[in-house]
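What follows draws every value from the coordinates through simple rules; no lab data is involved. All of these numbers come straight from a predicted model, not from anything done at the bench. A quick note on method: Cβ atoms are made from the backbone with ideal geometry, for glycine too, and the neighbour counts reach across all protein chains shown.
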Amino acid sequence: MAVRRLTTLAALGTLLAPCAASAQTQAASPTAPPFVVRWNNGVSIESTDGNTKLQFGTLIQADGRFALTTPSPITDTFLMRRARIIMQGRLAKYFEFTFVPDFAGSSVTLFDAFIDTKFSNAFRIRMGKGKTPHGLEQNYSDATLPFVERSVANGLVPKWDVGLTALGDLFKSHLSYVGGFENGIPDGASGDTDTNGGKDLVGRLIARFGPAGLSLSGTHGQESGALPTFKTTALQTFFSYASGITASGTRNRVSPALFVYRKAVGAYAEYFRTTEAVAKGGPATAVTNTGWNATGVFVLTGEAATDRGATPKRPFDPAQDHWGALQLAIRVSELRVDPQVFALGYAASGASRVARAVGVGLVWYNNANVKHMLTFERTVFDRDAKGPRKAENALVFRVQVSLSPRL
């Protein structure tokens, strides 16, 4: 009933203008209406030939974040982690667009906003703001992650940037590629404009072999200005550069990764390496920060594990004794800052050089659009749980609704 009401409202709001003209056409001919409204994991309004579409979806994530150690820098809190409206569509068969603002935190942040010119499945041109094609986990959808947050090592990966890229799928999607130019942003950051004239060359290749695959991504550019800060999965900063230290020269990133999903089991692992020139008003020094992440999942109820999560065979319906699907996830990850940063006095006071996190999580898939998540992660700094910065033990749970229409 809720779906019918939603589709009816969407149809009235969008199709009101064409109704008068289409009524005259239908009076003269019994042919089908020019547009139809249907459910496609979200509301989809589309032409009967599929060449023109307008689709609406959403992603809502409500979290609870709590510390299990005292004292702790973590403030126990409930929060809206994401509250997004998803709008995407196709125009005249060859042009597609995506627009995704986020309203979490009572502010508006623009994430995806790009336009594709599609020549074929093997080649399209994209212009606008989207995820930088670097890192495997970063380019998994926020709605399908096996943990509430990405790994601590993902702090070495840029997030959303603006640029021009080419992308496509080759050999029946056994090989996918993305390559182009973007403004260039610090690790772990997002950006809307450039602060200097340098641009990043970005690229990623993914090769799939049945249930397994390999990924290789990287960036190269000349950058100046802001440097990254690194955070734990509980969103607590454990490293930042000292005041006055800036990027000043070449920055190279590389990240090889592998993944496999077979029946109820899935796993992926990746390595990160960022080398960039940093300076404090004098000659620059090249520093190299590294990280890695290994994640495994097992669907306890037997459904297939995929990089999009699990789809319950029996969606949640207590009256029918149906309870959805349950997935167990385990992860180990680490981020290391170059020792030179500390030797040169470039690290802020109290910064940690190494953060290693071990996490376990449960994902309860109620149905294709709703899930509950519970994760525990312990992060140890500088390999000393009782050192100057005590180990961080965080328990996070989430309720999520995700509607992601498929073009």
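Neighbouring Cβ atoms within 10 Å as the yardstick, rank 69, 58, 165 fewest first.
69, 58, 165
Multiplying the residue separation of residue 284 and residue 301 by 0.36 nm and subtracting their alpha-carbon distance yields 0.7 nm. Residue exposure proxy: 177, 365, ordered by other Cβ atoms within 10 angstrom of their Cβ from fewest to most, comes out as 177, 365.
Taking the chain as the reference, fit the longest principal axis to its C-alpha atoms, fit the long axis of helix 2-28 to the helix C-alpha atoms, and give the angle between the two in degrees, 0 to 90, nearest 10. Compared with the principal axis, the helix lies near 40 degrees. Applying a threshold of 28 Å to the alpha-carbon distances of 263/371; 53/263; 199/280; 118/199 flags 53/263 as lying beyond it. Couplings 3J(HN,Hα) of the range 307-321, computed from phi: 6, 10, x, 10, 10, x, 5, 10, x, 3, 7, x, 4, 9, 6 Hz, in residue order, whole Hz [Karplus 6.51 cos²θ - 1.76 cosθ + 1.60, θ = phi - 60°; x for Gly and Pro]. Its residues counted as N, the chain yields a C-alpha radius of gyration over 2.2 N^0.38 Å of 1.07.
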